[in-house]
Amino acid sequence: MTDIPSDTRAAVPSTGEEGAAPRARPARALADPAAERRRARRSRRYRRDVKWSPYALVAPFFLFFLAFGLFPLLYTGWASLHRVELGTPTDMEWVGLRNFSRLLEDDFFWNALRNTFTIGVLSTVPQLLMALGLAHLLNYRLRGSMFFRVAILTPYATSVAAATLVFVLMFSRTDHGMINWGLGLVGVDAVDWQNGDWSAQFAVSAIVIWRWTGYNALIYLAAMQAIPKDLYESAALDGASRWQQFRHVTVPSLRPTILFTCVVSTIGATQLFGEPLLFSQGASPTGGSDHQFQTLGLYLYEQGWFNQHLGRASAIAWTMFLILVLIGLLNWAISRWIRRNA
């Protein structure tokens with residue numbers, strides 16, 4: 001048998017038996033059982049936290065939506081099928097679709113729908129065109145650009161009541177109104193803004209334009225800043241002017257954003273309420289002496305809270321909801337068509 005050097009023999013672990021492999025003591029046997037249980041509990045709590053915390057964070061939104069969104073929607077849908085008065089909301093008489101059929105026979109409903117459409121067009125088209133132009137100007141490197149961006153958003157932060165009352169003074173039918181005073185300087189007779197058909201709708205539209213133009217301009221500005229600069233550089237190398245770059249580079253790149261603002265502005269015009277209510281004398285829901293600027297929102301308010309016909313008001317609310325659904329479907333169809341042709 002060959003002798004093993006002494007230093008080598010010292011390095012070989014003693015096993016108690018010659019030729020037997022050393023036995024490693026399990027690590028778990030050395031651990032504290034209480035510490036293992038605590039570690040297991042923490043692991044279970046962590047897994048539960050990861051699994052359920054997202055639901056807990058979004059739960060408040062759904063609770064408020066159920067209380068103030070879904071429940072009123074379902075209740076008004078049920079009330080629209082009954083004859084029910086505001087003073088006795090629990091006393092319901094089933095009438096089926098009678099409330100909806102009466103709307104089709106009501107001239108005031110068609111007048112409110114027509115006014116909503118015309119005011120929507122008068123306010124939305126100039127508003128979005130002005131917003132697009134302002135965003136194009138702010139997209140350039142201007143001195144004090146941050147000040148101008150904050151300034152154009154100021155009307156949006158102003159309350160509807162304050163803005164409308166100021167515009168009522170501006171559109172006063174007397175010569176003391178600022179608008180009529182300006183018209184008098186150029187030889188135009190004073191206009192009775194509140195009692196005219198088109199003049200009243202134009203005045204209400206002016207309030208909407210003033211409040212929402214800056215908001216839409218910032219949306220367009222954010223979309224413009226996301227357009228690659230290489231497109232403008234390529235267009236400039238091809239000899240395109242600033243106007244040609246705007247037409248052939250900026251506007252095509254903003255098509256989804258323009259469509260979004262059109263849909264949102266249309267929805268806002270359909271629900272228009274505060275501006276026409278406060279513009280009329282005495283905050284009357286009739287929208288003028290001859291209902292010349294009564295919108296669907298004002299007509300709903302008149303039927304439900306003045307005439308106390310809660311069933312008819314619910315039918316008007318659901319009619320407005322169906323109109324908004326049609327607008328959403330139209331938006332989806334146009335968006336799909338744009339993506340297919342892009």
Exercise. Kindly indicate whether L103 is farther than 30 Å from R211 by Cβ and part of a helix (DSSP H, G or I).
Key: no
If we ask which residues in segment 243-275 are in contact with a Phe, Trp or Tyr (Cβ under 9 Å, 6 or more places away or on another chain) and not hydroxyl-bearing (S, T, Y), their number turns out to be 8
Note: among F71, F109, just one is open to solvent by 100 Å² or more (accessible area, probe 1.4 Å) and either in contact (Cβ under 8 Å) with a residue 24 or more places away in the chain or under 22 Å from the mean Cα position of the chain (by Cα) (or both), namely F71
Regarding segment 282-292, can at least one residue be identified that is acidic (D, E), out of contact with any Asp or Glu (no Cβ under 7 Å at 6 or more places or on another chain) and either at positive phi or not in a helix (DSSP H, G or I) (or both)? yes
Scanning segment 85-105 residue by residue, those out of contact with any helix residue (DSSP H, G or I) (no Cβ under 8 Å at 6 or more places or on another chain) and surrounded by 12 or more Cβ atoms within 10 Å (Cβ to Cβ) turn out to be R98, S101
Taking segment 273-291 and keeping only residues that are of a type in the set (A, V, I, L, M) and surrounded by fewer than 18 Cβ atoms within 10 Å (Cβ to Cβ), one is left with A283
The helices (runs of 4 or more DSSP H) lying entirely within segment 157-272 that contain at least 1 residues which are open to solvent by 20 Å² or more (accessible area, probe 1.4 Å) and under 24 Å from N341 (Cα atoms) are 197-225, 229-237, 242-245, 255-270
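The values are calculated or read from the model by the stated rules, or taken from the named source; none is laboratory data. What you see is a predicted model, and the numbers here were worked out from it, not measured in a lab. Don't worry about glycine lacking a Cβ; one is built from the backbone with ideal geometry, like all the others, and counts go over all protein chains shown. For accessibility, only protein heavy atoms count, side chains too; no ligands or nucleic acids. Shrake-Rupley method; radii C 1.70, N 1.55, O 1.52, S 1.80 Å.
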